[in-house]
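Comments concern the structure below.
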Amino acid sequence: MPTPAAVLCGLGTSLPERAVTNRRLIRENGLDSDDRWILERTGIAARRLADARTSTGDLARAAGRAALDSAAELAGGPVPPDIVLLATTTPDRRCPATAPEVAHRLGLGDIPALDLSAACAGYIYALSCAQALVAAGLYTRPLVIGAETYSTTLIDPRDRDTAILFGDGAGAALFRSGSADEPGALLAQELGSDGARAELIQVPAGGSRLPFGAPGAAPEKYYFAMKGRTVYSQAVRRMTASSRGVLRRSGWSAEDVDAFISHQANQRIIDAVADRLRIPAARCHGNLRELGNTAAASIPLALADAAERRLAAPGARTLITGFGGGLAWGSHTLLFPEARPHACSPHADDDKAPS
């Protein structure tokens with residue numbers, strides 16, 4: 001009997017209402033920068049920023065509900081999840097995890113739910129966990145959510161090197177057990193990490209190594225810090241190698257790839273990886289210009305955007321790849337899903353029963 005595949009059957013998104021252009025960000029934060037410099041350096045023209053009443057859990061719950069609605073539309077009836085995986089670096093609390101509360105707010109009862117932290121590679125890792133759980137027969141309908149609120153938790157608004165990059169949001173995908181020849185099927189995966197370079201992307205203080213209030217925990221140590229030039233070279237090298245590895249496992253060549261979706265970190269990184277893989281620009285899809293870097297949420301948001309705009313046909317051979325702090329990275333191949341994405345406001349009615 002063939003090993004079951006995790007098949008994407010529902011897509012959902014949730015974004016804060018507040019859209020902030022480069023010019024507005026510069027003006028409000030007093031940054032020493034200009035719109036043209038940001039756009040040329042990063043490819044970002046705007047981003048969505050959460051307000052003080054919007055948490056990661058709010059966005060995750062809304063994206064999860066939208067994914068359930070999407071799945072119900074495709075299936076002609078409810079497709080209830082049996083486990084929730086939430087990829088995030090910005091949980092609602094340091095303890096407990098945010099995923100159980102998200103599951104509760106979705107009305108999913110006592111199903112297992114857990115947070116998964118791998119920075120901007122978090123969604124890739126969460127997909128791998130979902131795929132493994134389905135293949136092992138332990139769960140049949142994992143709901144995989146990526147949600148972040150970097151702007152309110154990790155970013156110094158006065159730091160032009162980081163404040164210009166990040167936006168907030170959430171994307172979710174519901175999977176079901178199926179076969180590897182169906183649209184939406186996850187096929188091969190490849191993951192990697194390099195803890196020797198952890199200092200390249202970090203929030204130095206606030207953990208057990210440098211606790212809150214400890215000597216040396218200066219205020220700036222509680223914010224996200226990144227060594228940009230080295231991160232660029234590492235990201236390009238790791239995502240390129242990982243993509244080549246997963247293509248080999250799938251029996252595909254780069255020419256076989258119909259759609260390429262990278263973590264939406266920086267347009268120069270995305271272009272460099274695509275160039276090294278020799279994937280034409282017309283097959284590269286993303287929404288970095290409008291949303292910025294949404295960390296663990298970027299891949300599901302970009303996938304939903306491509307599906308909404310019908311940039312690839314159901315069953316099209318799709319390559320996704322991501323990279324983040326840890327260092328951590330990974331890639332997946334899948335057949336482009338048939339599901340049409342739904343969107344939900346982060347403050348839509350919490351009491352609505354899941355469909």
Which condition does Arg197 not pass, out of (1) closer than 27 Å to Ser151 by Cβ; (2) surrounded by fewer than 19 Cβ atoms within 10 Å (Cβ to Cβ); (3) at pLDDT below 95, if it passes all the others? (3)
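For segment 95-124, what are the residues that are of a type outside the set (A, V, I, L, M, F, W, C) and in contact (Cβ under 8 Å) with a residue 40 or more places away in the chain? Reasoning before the result, please.
Here is the first cut: in segment 95-124, the ones of a type outside the set (A, V, I, L, M, F, W, C) are 96, 98, 100-101, 104-105, 107, 109-110, 112, 115, 117, 122-123.
Listed by number, the residues that qualify are Thr98, Glu101, Arg105, Gly107, Gly122, Tyr123.
Looking at segment 213-225, which of its residues are in a helix (DSSP H, G or I) and out of contact with any Gly (no Cβ under 6 Å at 6 or more places or on another chain)?
Quick first cut of segment 213-225, residues in a helix (DSSP H, G or I) only: 219-222.
Of everything in segment 213-225, those that are in a helix (DSSP H, G or I) and out of contact with any Gly (no Cβ under 6 Å at 6 or more places or on another chain) turn out to be Pro219, Glu220, Lys221.
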Taking segment 268-319 and keeping only residues that are β-branched (Val, Ile, Thr), closer than 23 Å to Phe166 by Cα and touching a Phe, Trp or Tyr at 6+ places or on another chain (Cβ under 8 Å), one is left with Ile269, Thr294, Ile299
Look through segment 211-265, keep the residues that are buried (at least 21 other Cβ atoms within 10 Å of the Cβ) and among the β-branched types (Val, Ile, Thr), and return whichever of them is nearest to Trp37 (Cα to Cα). Ile261
Which numbered condition Arg268 fails, given (1) in contact with a Leu (Cβ under 9 Å, 6 or more places away or on another chain); (2) surrounded by fewer than 17 Cβ atoms within 10 Å (Cβ to Cβ); (3) touching a residue at least 60 places away in the same chain (Cβ under 8 Å): (1)
Filter segment 110-134 down to the residues that are polar (S, T, N, Q) and under 20 Å from Pro4 (Cβ atoms), then identify the one that is surrounded by the most Cβ atoms within 10 Å (Cβ to Cβ). Gln131
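For Ala339, are the conditions met, namely being within 20 Å of Ala170 (Cβ to Cβ), over 15 Å from the mean Cα position of the chain (by Cα) and either modelled with pLDDT of 95 or more or crowded, with 24+ Cβ neighbours inside 10 Å (or both)? Write out each step before concluding.
Details: within 20 Å of Ala170 (Cβ to Cβ): yes; over 15 Å from the mean Cα position of the chain (by Cα): yes; either modelled with pLDDT of 95 or more or crowded, with 24+ Cβ neighbours inside 10 Å (or both): yes.
For Ala339, the condition - within 20 Å of Ala170 (Cβ to Cβ), over 15 Å from the mean Cα position of the chain (by Cα) and either modelled with pLDDT of 95 or more or crowded, with 24+ Cβ neighbours inside 10 Å (or both) - is met.
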Qualifying positions in segment 70-101 - over 30 Å from Gly206 (Cβ atoms) and surrounded by 24 or more Cβ atoms within 10 Å (Cβ to Cβ): Ser70, Ala71, Pro81
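Condition check ((1) crowded, with 24+ Cβ neighbours inside 10 Å; (2) over 20 Å from Ser117 (Cβ atoms); (3) under 20 Å from the mean Cα position of the chain (by Cα)) across all residues:
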site: Thr13; (1), (2), (3): yes, yes, yes
site: Arg24; (1), (2), (3): no, yes, no
site: Ala52; (1), (2), (3): no, yes, no
site: Arg61; (1), (2), (3): yes, no, yes
site: Leu68; (1), (2), (3): yes, yes, yes
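Of the residues Asp181, Asp156, only one is surrounded by fewer than 17 Cβ atoms within 10 Å (Cβ to Cβ) and closer than 30 Å to Gly315 by Cβ; which?
Numbers: Asp156 fails: closer than 30 Å to Gly315 by Cβ.
Only one candidate passes the filter, namely Asp181.
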Output the number of residues of segment 303-318 satisfying the condition of being touching an Asp or Glu at 6+ places or on another chain (Cβ under 9 Å) and of a type outside the set (Gly, Ala, Ser). 5
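The values are calculated or read from the model by the stated rules, or taken from the named source; none is laboratory data. Owing to the predicted nature of the structure, the values given are computational and were not obtained by experimental measurement. Note: ideal-geometry Cβ built from the backbone for every residue, glycine included; neighbour counts use all protein chains shown.
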